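Here the structure is laid out as structure tokens; the discussion comes afterwards.
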Amino acid sequence: MLEKKVETFNMNRVIDEFEEMTRNADQVQKQTLKEILHKNQSAIYLQNFGINGNTTDPEAFKALVPLVTDLDLEPYIKRMVDGDTSPILTALPVPAISLSSGTSQGRPKFIPFTDELMENTLQLFRTAFAFRNRDFPIDDNGRALQFIFSSKQYISKGGVPVGTATTNVYRNPNFKAGMKSIQSLCCSPDEVIFSPDVHQALYCHLLSGILFRDQVQYVFASFAHGLVHAFRTFEQLWEEIVTDIEDGVLSTRITVPSVRTAMTKLLSGPNPELAETIRTKCMSLSNWYGLIPALFPNAKYVYGIMTGSMEPYVKKLRHYAGELPLVSHDYGSSEGWIAANVRPRLSPEEATFAVVPNLGYFEFLPLSETGETEERPPVGLTEVKIGQEYEVVITNYAGLYRYRLGDVVKIVGFYNKTPQLKFICRRNLILSINIDKNTERDLQMSVESAAKRLAEEKIEVIDFSSHVDVKTEPGHYVIYWEISGETEDDVLQDCCNCLDKGFIDAGYMSSRKCKTIGALELKVVERGTFRKVQEHFLGLGSSAGQFKMPRCVKPSNVKVLQILCDNVVSRFFSTAFE
């Protein structure tokens, strides 16, 4: 990884700049759009709609350029991937293409990645860190235990580097310098981050963190799922890690030569005292409660995305974190960053995010109470209403113009003149057979409700997904659960009924009562099944750090359905509406 000069970080200056920007959010938005259009004025896409260097007015821009989805832009981006260097969406050829995780829609999306997006990323990291550091100051010589993984980039047939969004960020020469400037130096060597084997990388991240345990100031993964997975893995492998430290010899499970060399250097000989400390800590814990502060006594908080589809993992993460605060990572997507967490003391359940006005030009499509897009046109950043739900529309420097993200957010307030929002759900993740419409959030609430019955037996839901089965008549919902232990069938039948009653959408309830939707089916799968699903997506090129479990598996996602169905150990049909 190339080294860049480290800029001096000034917390108060960064906060002051954010304050100034958000006080003038409307003007900043107009200036940002003007800069985007000026920079990309030669783009064929814009010119096709009559946009030229003289177009600077937001209303003129919106009158000429239509709202689009990823499917609308796919042919343009494909030309870029295939090596067409003409100014298609951007004035200059893009240096790289990002791949989304592919878990939301069953297929990864190609998204242009530019130097401006990288700078936006570092700007957001600096802003969020400034507010975190004001509330949770960390030591200047501290480190961060970061569970970050960079999958391989590949070169498209057109000669363009293609990788996940996180890979493009981690491989950018400015990334390491940016992390140093905000005192977030990673414990692990670069060779671990760029390891081709994610399992070996995770083991080495854990080992590296323990070797620097007294310097670790916070623990991070992009998603709460990654944090929970990391410490579940530690439960299984801690004795092997302790042996490595005690003997000063790296486990034979680490076979990637570059990783083995780097980690052997980091071990630098036997350390029986540290090994005994970790052994004692682990053996003294009750059901691994408070594992993170036990391992890292100077850690100030645990950090990662904990909202939206990550909410189901928060309970287990809180168990591992003990009394340590859980701080929600900022709001963004593979397409770019949108908002920063400037109130880091709020719990994940209460977390809100303040839109950063110069990261792009933002519009918000009003949604009705049923979650449908209303006929009203989208409104601007400063025109949103508190309490209203919207779909986010973004225009950015990387060639996305009036691009519908598919994210539903709720406006909960304002930070100066910029809105503070909560992420609600993805619009396209909907369980629907006829008049019923249940979102990812509805599914989560149903699972949470049913999991309370399971918790009475001291068993937890490890992971879950769903599917709409219309092969049978009438069609019905199928919920897949992986659980932490065995229990009686009558308990799982109760859970199945709770799941069915947990969907309170009027269309669903009426359809169930009149039997135009069949009884919900709960399928319990073997332990490790959802790990197999993750391995499948990693094999397709997803980054371990970017992976999100698909909550609704579409019929087109044949392989994932096959993995789930092949590992079913028991099944139950709801009797809730009989």
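The values are calculated or read from the model by the stated rules, or taken from the named source; none is laboratory data. The structure displayed is predicted, hence computed values, not measured ones. Using ideal geometry, Cβ is built from the backbone for each residue, glycine included, and neighbour counts are taken over all protein chains shown. These accessible areas exclude ligands, DNA and RNA; they are computed on the full protein's heavy atoms, side chains included. Shrake-Rupley method; radii C 1.70, N 1.55, O 1.52, S 1.80 Å.
At an R0 of 25 angstrom, the distance between the Cβ atoms of Leu71 and Lys559 translates into a FRET efficiency of 0.70. If R0 equals 25 Å, the separation of the Cβ atoms of Glu486 and Asp566 corresponds to a calculated FRET efficiency of about 0.80. In this calculation the C-beta distance from Arg376 to Asp57 is compared with R0 = 35 Å, giving a FRET efficiency of 0.95. Inter-label distance, Gln236 to Glu323: 3.2 nm, where each label sits 7 Å from its Cα along the C-beta direction. Packing, as the average of other Cβ atoms within 10 Å across residues, places the peptides 30-42, 308-320 in the order 308-320, 30-42, highest first. At a Cα cut-off below 21 Å, give the lysines reachable from Lys265, other chains included and same-chain residues fewer than 8 away excluded. Cross-link targets: Lys176. Per residue, the stretch 168-313 exposes 36 Å² of accessible surface when a 1.4 Å probe is rolled over the protein heavy atoms with every protein chain present. Computed from label points 7 Å out along Cα-Cβ, the spacing between Gln47 and Asp16 is 4.4 nm. Take every Cα pair under 8 Å whose residues are at least 6 apart in sequence, average their separation, divide by the length of the stretch 232-292, and the relative contact order is 36 percent. Taking each residue as 0.36 nm, the span from Ala576 to Asp247 lengthens on full extension beyond its C-alpha to C-alpha distance by 112.7 nm. Peptide packing: for 290-298, 252-260, 127-135, the average count of neighbouring Cβ atoms within 10 Å per residue gives the ranking 127-135, 290-298, 252-260, highest mean first.
Among Cys187, Cys514, the sequence by solvent-accessible area, most first, with a 1.4 Å probe is Cys514, Cys187. Under 16 Å between alpha carbons, and skipping anything fewer than 8 positions from Lys30 in its own chain: which aspartates and glutamates qualify? Cross-link targets: Glu20, Asp57, Glu59, Glu363, Glu383.
Take the Cα of Gln27, step 7 Å toward its Cβ, do the same at Leu64, and the gap between the two points is 2.6 nm.
For the chain, a crude dipole built from +1 on the beta carbon of Lys and Arg and -1 on the beta carbon of Asp and Glu, taken about the Cα centre, is about 780 debye to the nearest 20. In this structure, the amide hydrogen of Phe414, modeled 1.01 Å from its nitrogen in the peptide plane, lies closer than 5 angstrom to those of Gln420, counting only residues at least 5 positions away or on a different chain. If you wrap the stretch 76-177 in the convex hull of its Cα atoms and look at it from every side, the mean projected area works out to 8.1 nm².
Roughly what % antiparallel, to the nearest 5, for the DSSP beta bridges in the chain? Antiparallel: roughly 70 percent of the beta bridges in the chain. Distance check, please: which entries in Lys39/Lys62; Lys109/Lys422; Lys410/Lys501; Lys316/Lys385; Lys315/Lys559; Lys316/Lys523 exceed 27 angstrom between their Cα atoms? Lys316/Lys385; Lys315/Lys559, as the Cα separations exceed 27 Å there. Considering only alpha-carbon pairs that sit under 8 angstrom and 6 or more positions apart, the relative contact order computed for the chain is 15 percent. Length gained on full extension, His536 to Asp469, computed as 0.36 nm times the residue gap minus the Cα-Cα distance: 21.9 nm. Overall, the accessible surface of the chain at a probe of 1.4 angstrom is composed of carbon and sulfur to the extent of 51 percent. Between Lys554 and any residue 5 or more places off or on another chain, the built amide H atoms are never under 5 Å apart. Over the residues of the chain, the helix contribution to mean residue ellipticity at 222 nm works out to -12000 deg cm²/dmol, using -39500 (n - 2.57) for each DSSP H run of at least 4.
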